[in-house]
Amino acid sequence: MKIGILCYPTYGGSGIVATELGMSLANKGYEVHFISNALPARLDITNPNIFFHRVNVQTYPLFQYQPYDIALSSMIYRVVNLYKLDLLHAHYAIPYAYAAFTAKQMLREDNNDIPLVTTLHGTDITLVGQHPSYKHAVEFSINQSDAITSVSESLKRDTLQFFKIKKEIQVITNFIDNSEFDECNECQRTQFANPDEKILIHVSNLRPVKRVDEVLQIFKNVEKKVKSKLIIIGEGPDMEKINQFLEENPELISKIRLLGKVNDLYRILQLSDVFLLPSEQESFGLAALEAMAANTPVISSNAGGIPEVNIQGETGFLAEIGNVEAMSNYCIKLLSNDELLTEMKQNAKEQAIKFDLKNILPIYEEMYRTTIEKF
Ligand code: GMT
């Protein structure tokens with residue numbers, strides 16, 4: 001089967017899921033064509049079954065906004081024709097499902113229409129997609145897809161609540177390749193903390209929705225009771241909030257490590273004791289699942305799909321969105337009880353195994369097959 005994957009190339013969750021899915025399919029012998037504006041961050045382009053097609057936007061002084069969606073649908077049309085693709089898989093409704101629909105119309109003119117699967121990832125539904133500027137186009141392109149999947153039950157509920165969806169939405173949860181998280185001999189805890197200190201970690205694109213100010217406040221509360229360090233991985237608009245916090249709390253400067261974007265994320269997750277995710281919205285929380293795959297329990301809010309991943313009292317603890325005190329207390333409870341910490345680390349890993357790629361990949365393959373058959 002030849003599959004075209006349309007996705008964001010960035011470190012964001014939807015791009016990572018699309019890339020990991022495409023690479024796993026390629027490893028199983030599928031021919032996978034990625035169409036995006038840049039090479040996806042984790043894509044192994046050396047795999048002979050993987051192809052990358054960059055969307056080039058022709059800039060022109062007349063345009064105040066360059067027409068990316070037109071260039072994207074033209075590229076989809078060309079790739080489907082050139083490589084004789086069997087199916088398109090759009091990750092994120094805007095602009096991918098929308099552009100794929102346009103490409104399908106062009107292909108239909110050539111009697112070469114192709115099935116389209118759209119996977120909803122979260123912000124395309126819960127944030128951006130609801131804005132009046134996009135809502136009708138998002139609803140339309142979801143309904144024009146031949147199959148729709150959502151990464152959690154919570155996101156499916158939100159989609160049905162916010163849009164008039166005329167087709168079945170299949171929940172196919174995000175997944176993790178646990179083999180990439182095998183015991184790491186090179187993990188050097190001492191690079192980040194003294195032997196008597198615990199390590200808290202937060203990984204995100206530091207957008208307001210991630211509430212990094214709460215991550216910092218939780219750490220400040222925890223650090224008063226438990227000797228600890230905080231690692232923050234990622235870059236984004238709320239970096240300024242971190243700098244401001246450090247200016248106001250200079251005594252914590254030596255206890256907070258800001259690593260920016262890192263490639264060996266797993267290595268650092270593996271040496272952490274607890275992952276903080278106080279998000280305001282999270283359709284799934286892939287970052288939490290990655291932490292769990294690295295034996296790290298999670299203290300989080302109960303936003304969106306997080307409770308489907310982080311199980312209260314088993315793999316970590318959850319509190320209402322914004323309840324910094326509860327999240328801090330849970331963290332102190334966990335980090336001051338080594339027996340509980342060991343148990344939750346184990347539970348976190350067991351939970352990650354339930355979401356293993358081995359279990360989820362066949363569901364995608366089956367969905368592709370039935371979508372093509374019904375088309
Ligand atoms: O929130 C992000 O960091 C990026 C965002 C995206 O659209 O790429 O992530 C969304 O998709 C991920 C993969 O399905 C989910 O794990 C995230 O929970 C979801 N983010 C939100 O819903 C805010």
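The values are calculated or read from the model by the stated rules, or taken from the named source; none is laboratory data. Just so it is clear, the model here is predicted, and its values are computed rather than measured. Note: ideal-geometry Cβ built from the backbone for every residue, glycine included; neighbour counts use all protein chains shown.
Can ILE372 be described as within 27 Å of THR126 (Cβ to Cβ) and of a type outside the set (Ser, Thr, Tyr)?
The answer is no for ILE372.
Any chance the stretch 38-55 includes a residue that's within 16 Å of the ligand (Cβ to nearest atom), among the basic types (Lys, Arg) and surrounded by fewer than 22 Cβ atoms within 10 Å (Cβ to Cβ)?
yes
Being buried (at least 17 other Cβ atoms within 10 Å of the Cβ) and either within 19 Å of ALA294 (Cβ to Cβ) or away from the ligand (no atom under 16 Å from the Cβ) (or both) is the filter here; which residues of the stretch 222-240 pass it?
Across the stretch 222-240, the qualifying residues are VAL222, GLU223, VAL226, SER228, LYS229, LEU230, ILE231, ILE232, ILE233, GLY234.
If THR173 meets every condition in (1) assigned to a loop (DSSP other than H, G, I, E, B); (2) touching a helix residue (DSSP H, G or I) at 6+ places or on another chain (Cβ under 6 Å); (3) hydroxyl-bearing (Ser, Thr, Tyr) apart from one, which number is that one?
For THR173, the failing item is (2).
Given the residues MET327, MET292, which is the only one that is assigned to a helix (DSSP H, G or I) and within 20 Å of GLY122 (Cβ to Cβ)?
When all the criteria are applied, what remains is MET292.
Helices (runs of 4 or more DSSP H) wholly in the stretch 98-159 with at least 2 residues that are out of contact with any strand residue (DSSP E or B) (no Cβ under 9 Å at 6 or more places or on another chain) and farther than 21 Å from ILE70 by Cα - which ones?
123-126
Would you confirm whether or not the stretch 201-212 contains a residue that is of a type outside the set (Val, Ile, Thr), in the same structural domain as ILE268 (by TED's automatic domain parsing), away from the ligand (no atom under 15 Å from the Cβ) and touching a residue at least 12 places away in the same chain (Cβ under 8 Å)?
Scanning the stretch 201-212 turns up no residue that is of a type outside the set (Val, Ile, Thr), in the same structural domain as ILE268 (by TED's automatic domain parsing), away from the ligand (no atom under 15 Å from the Cβ) and touching a residue at least 12 places away in the same chain (Cβ under 8 Å).
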